[in-house]
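Below you'll find the structure, written out as structure tokens, and then a few comments.
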Amino acid sequence: MALFPSLPDTPHLGDVFKKFPDMVGPILEYHELLLRGESPLTIGERELIAAYVSGLNACTFCFGSHKIIASKFGISETMIDALVSNIDSAPVDKKLKPILHYVRKLTHLPAKLVKADAAAVFATGWSERALYDAIQICAIFNFMNRIIEGTGVTFDYAQSPEIADELRNRKDHSYAQFGARLKGEG
């Protein structure tokens, strides 16, 4: 469902970035720093949050791609599916549940966050830095989900198993590499 006449009928984020390249570098640099840089959260946990927020937003492109990438870092794809349905019954580490509740509320009801929401995260041993990183991941994926949905990106990894397998088999899952591939360098 291309919303932009210049994009393919089933556009991919790469098509949007190629069409409007001016801001791609800073966006991907921020993704690289946030999702691959130093953090109390593992890369898998950060990709899990990215997929989870995208699932809450029903953004099939980001949900599918980040679910696959999270699996490369030890996170079960079926567990991520279960999280979107119900955090409390999902088979996720109980230490992550307060962070996931926090980002859910931040996605759906940000003005309703209260001190107790943060306190629940800290009570399970997470630092302020861990919560801040989770907040940033939540924010960047709410942002990216809006770019994807707003431009009509409808590519769905669940409907393209061969391309999903290509993503699963890719050795490098850095955002810098994604940018290089967009430029035809990688």
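For the range 75-179, which GluC sites (Glu not before Pro) pass both filters: DSSP loop (anything but H, G, I, E, B) and at most 14 other C-beta atoms within 10 Å?
Here no GluC sites (Glu not before Pro) fit, given the DSSP loop and packing criteria.
The label-point distance for residue 128 and residue 72, in a model that sets each label 7 Å from Cα toward Cβ, rounds to 3.4 nm.
Spacing of the modelled spin labels on residue 79 and residue 6, each 7 Å from Cα toward Cβ, amounts to 4.3 nm. For residue 18, the lysines whose Cα falls under 24 Å of its own Cα, not counting residues fewer than eight places away in the same chain, are 67, 171, 183. Computed from backbone phi with θ = phi - 60° and the Karplus coefficients 6.51, -1.76 and 1.60, the 3J(HN,Hα) list for the range 103-113 is 5, 5, 5, 4, 6, 8, 9, x, 6, 9, 5 Hz; x is used for glycine and proline.
Dividing the summed helix terms, -39500 (n - 2.57) for each DSSP H run of n ≥ 4, by the number of residues in the chain produces a 222 nm estimate of -19500 deg cm²/dmol to the nearest 500.
In this calculation the C-beta distance from residue 139 to residue 171 is compared with R0 = 30 Å, giving a FRET efficiency of 0.55.
Note on the chain: Cα-Cα pairs beyond 30 Å make up 17% of the total pair count. Here the label points at residue 33 and residue 94, each 7 Å from Cα along the C-beta direction, are separated by 3.7 nm in the simple model.
We did not get these values from a lab; they are worked out from the coordinates using the rules stated. Note that the structure is a prediction, hence the values are computed from the model and not measured. So basically every Cβ, Gly included, is an ideal-geometry build from the backbone, and we count neighbours across all protein chains shown.
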